[in-house]
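Here's the structure we're looking at; comments come further down.
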Amino acid sequence: MKQIYIVNLLIILLSSSVFAQQLNITPVHQYDAYFQEAYRTYPDIPQGILEAVAYSQTHIRHIKEDNTMSSCMAMPRYLGVMGLIEDGKSWFNNSLLLVAENSRYSIDDIKNNPRINILAYAQAYKTIMFQLGLNKRSDISQHIDVLNNLSEIPNDGNLGNDFAFDTYIYQLLRFLNDDTFQNAYQLPKYDIDIESIFGENNYKVLSSNIVNLSDDDIYDNNARSYSGNQQRFSMSCGDTSLPVIFDGADPSNYSSRNGTAITHVTIHTVQGSYSGAISWFKNPIANVSAHYTLRSSDGQITQSVCEIDKGWHVGNSNPYTVGLEHEGYVEDASWYTDIMYQTSADLVTDICDRYSIPIIRTFDENGISGLYPLSDGCYKVKGHQHYANQTHVDPGPYWDWNRFYDLLNPDNLVNQNTYTACSGTFQDPGGASNYGNDEREFYLIAPTGATSITLSFSSFNLETDYDYLYVYDGDSYNDSLIAVLNGTSIPSPITANSGEMFLEFRTDCWTTASGWDASWTCSTASACEEPLNLNETAITLNESQFSWDPVPNAISYTLRIRRSLETNWDYYSTTNTSINIGGLANDGLYIWGVNTVCSSGTSSYNGTEYINTGSLNSSYTTTSCSGIFTDSGGEIGTYQNNETWLYTISPTNATQVTMTFTSFNIESGYDYLYIYDGVDDTAPLIGTYSGTT
């Protein structure tokens, strides 16, 4: 048995009248300016929490601006005002790297520049706040999760490390409650109920000046035991290198695989919320669990069951699958956000790589409703509705399987055949023999100066309903789909009026056929050139300006744009070389291009440019004199939970601004839109709006 004394006298002195004298708490003016800059830049961060972190780690004024001197215990150095760890020596978390990864600053600048040290920590803090769904109205106790993510203390379930982390949080909260600290930094009059945060027993141990430590117990001199921090989630499975939160399901809701190999990944839709799914898996009578759940708004992943165990999510197929639940509802495509698709694809790719699952055997047909059983041999990544003997129909008709397939099977791994002659012939990959299984092949017909291309088939034979040839009017599969070819009937001639034609061939893993023989011809006319140098600027929450270089002899231009998960384009005509478009969705991935209209005809669309709109972690300003203002879901989707953002309409030289609503539907009594007559939320309040009027 060892007895340890808490030598950090902050824990004792915080409650005493000599606290200010002992620490000499006075703002160091250059640092205070940096802290204030951080709060102005990230106004959702609670006032004082950055200074409290800095005092807990370095006492601010006693830290050198370069590095601290080495510890006599060979502990890692705490660097900069915020006390970050660069080399955790295989024990501490490398908090410096964490801050750099979650901010826009370099490691060297964070180490060596005190202003950047503070601003980088603040940006990382705000990034993690957003990931956790916190905002300026969140209770201060919820910010412990943010501090947990940024702490150097290992989050490994070890009782001693939990205690070390809780002493840090205890000390930090005592700073925020202290009158001297509040007055020194002009902070709100915090009155945090620290005991309720830790619980009476843990609070007594943390506030004791004498603590006893053994291998399996921590207690004070009154024999009160510290029970650990149950809110510190840890990656206890060690399955994936991706950032995941671990919040384990109740043991009664999963079981052993008994050595069965993992060969499949199952895609689900929750039919509810992210938090609700995680909580339900912890219910001992639920009799259900999935390995991972993904949040719609930001793609955050929580793991509830280790992959070595059998989650209960797809009946008889549970022993050989890994299950992914996606927040949302089968009936509403707006829950399937760009960031959730991408994060899900990253996770599925990681799982398939680790278990040697052939990822090309991903289901790829959109719009399937109801039960649709598919072969386990041919489809390794598929939905709940695709397994035998099921009653659930998720993810349903609105999950974009084509897009998901493309994310899992990137273009750079696909062979592309390019033809630039005005006429020619081509065959399937098998040539005179049958094509093969598990094939994906691209063909681009792009004759110089062509205004249209016509494709004709002399023979055609693809396995019906399983192997497909897709034809697009343009230079990629993001252009307009003009034909989906399958079966044994010879297709009628197909014409691409853009002057380019793109074809994609996909086969499954079973049954081949003789393929096709085809030829093409092209038409040419006086050149109507494509616009060049496509560009996007002023990208905000739901508005952007699109521009391009002028084209000689142009009469007008047509811009087309669609959200990546949509199939239909929106078209905008203009005689200018730029156009502002509003009504875009929050954090949305959009595809756009532009063509030229000339007296001699119309050019093809230049580009399949991508643009990501802003996300809900900042404030936005537009200077346009007119435009479209929507909620974060844009014109096609719904807004999300836990949103707080400012949108300022400030046209140059405007004398007044009038807003007219064409639709309005906000959860009555819980969600609100506040409108102010001025440049920020300190201006006079015009009105508070909620409900459906």
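The values are calculated or read from the model by the stated rules, or taken from the named source; none is laboratory data. Not measured: the values here are computed from a predicted model. Glycine gets a Cβ as well: all are built from the backbone with ideal geometry, and neighbour counts include every protein chain shown. Just so you know, the surface numbers come from the protein's heavy atoms only, side chains and all, with ligands and any DNA or RNA stripped out. Shrake-Rupley method; radii C 1.70, N 1.55, O 1.52, S 1.80 Å.
Data overview
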item: Which of Asn202, His268, Phe629, positive extreme of dipole for the chain (C-beta unit charges); result: Asn202
item: Estimated inter-spin distance, Asp671 and Val484, nm [label 7 Å along Cα→Cβ]; result: 3.2
item: Nonlocal amide H pairs with Asn93, under 5 Å, H built at 1.01 Å; result: Ile153
item: Two-site FRET efficiency, Asn415 against Leu371, from Cβ-Cβ distance with R₀ of 30 Å, rounded to 0.05; result: 0.25
item: Inter-part distance where the stretch 95-159 and the stretch 557-584 are each reduced to a Cα centre, Å; result: 38
item: Nearest-0.05 FRET efficiency for Asp332 and Tyr39, computed from C-beta distance (R0 30 Å); result: 0.20
item: Centre separation in Å (Cα based) which lies between the stretch 418-462 and the stretch 285-363; result: 37
item: Neighbourhood net charge (12 Å Cβ-Cβ; Lys/Arg +1, Asp/Glu -1) for Leu97; result: -3
item: Mean accessible surface per residue for the chain, computed with a 1.4 Å probe while every protein chain stays in place, in Å²; result: 46
item: Of every Cα-Cα pair in the stretch 325-462, the percent that sits beyond 23 Å; result: 50
item: Accessible surface, 1.4 Å probe, highest first, among residues Lys126, Lys310, Lys136, Lys204; result: Lys136, Lys204, Lys310, Lys126
item: Per-pair calculated FRET efficiency, R0 = 41 Å: Ser523 and Asp108 via Cβ, rounded to 0.05; result: 0.10
item: Dipole magnitude (debye, nearest 20) for the chain, charges at Cβ of Lys, Arg, Asp, Glu; result: 1120
item: Taking only Cα atoms of the chain, radius of gyration then Dmax in Å; result: 29.8, 94
item: Rounded to whole Hz, the Karplus (6.51, -1.76, 1.60) HN-Hα couplings of the stretch 455-460, x for glycine and proline; result: 10, 10, 10, 9, 8, 7
item: Given 14 as the ceiling on other Cβ atoms within 10 Å, longest exposed-site-free region of the chain for chymotrypsin sites (Phe, Trp or Tyr not before Pro) in DSSP loops; result: 92-509
item: Distance (nanometres) between label positions extended 7 Å along Cα→Cβ at Asn287 and Cys306; result: 2.6
item: Alpha-carbon gyration tensor eigenvalues x 5, square-rooted, for the stretch 108-189, Å; result: 21, 19, 16
item: Largest-first principal axis extents, alpha carbons of the stretch 415-490, Å; result: 35, 26, 24
item: Accessible-area ranking of Thr266, Thr662, Thr567, largest first, probe 1.4 Å; result: Thr662, Thr567, Thr266
item: The chain - percent of accessible surface contributed by carbon and sulfur, probe 1.4 Å; result: 47
item: Listed residues Glu325, Glu195 arranged by accessible area, highest first, probe 1.4 Å; result: Glu195, Glu325
item: Accessible area of Thr692 in the full protein assembly, 1.4 Å probe (Å², nearest 10); result: 100
item: Gain in span if fully extended, Ile140 to Asp346, counting 0.36 nm per residue against the direct Cα distance; result: 70.9 nm
item: Rounded to 5, the percent of DSSP beta bridges in the stretch 392-492 classed as antiparallel; result: 50
item: Sequence-distant residues sharing a close amide H with Asp428 (under 5 Å, placed H); result: Trp516
item: Cα→Cβ-extended label distance, 7 Å offset, between Asp681 and Ala261, nm; result: 5.5
item: Debye, to nearest 20: dipole size of the stretch 147-289, +1 on Lys, Arg Cβ, -1 on Asp, Glu Cβ; result: 440
item: Lys/Arg +1, Asp/Glu -1 at C-beta; the chain dipole; positive extreme among Ile85, Leu97, Asn149; result: Ile85
item: The stretch 458-573: equivalent-ellipsoid semi-axes (sqrt of 5 x gyration tensor eigenvalues, Cα, Å); result: 35, 20, 10
item: Residue-span extension gain [Thr567 to Trp510] - 0.36 nm each, minus C-alpha spacing; result: 17.6 nm
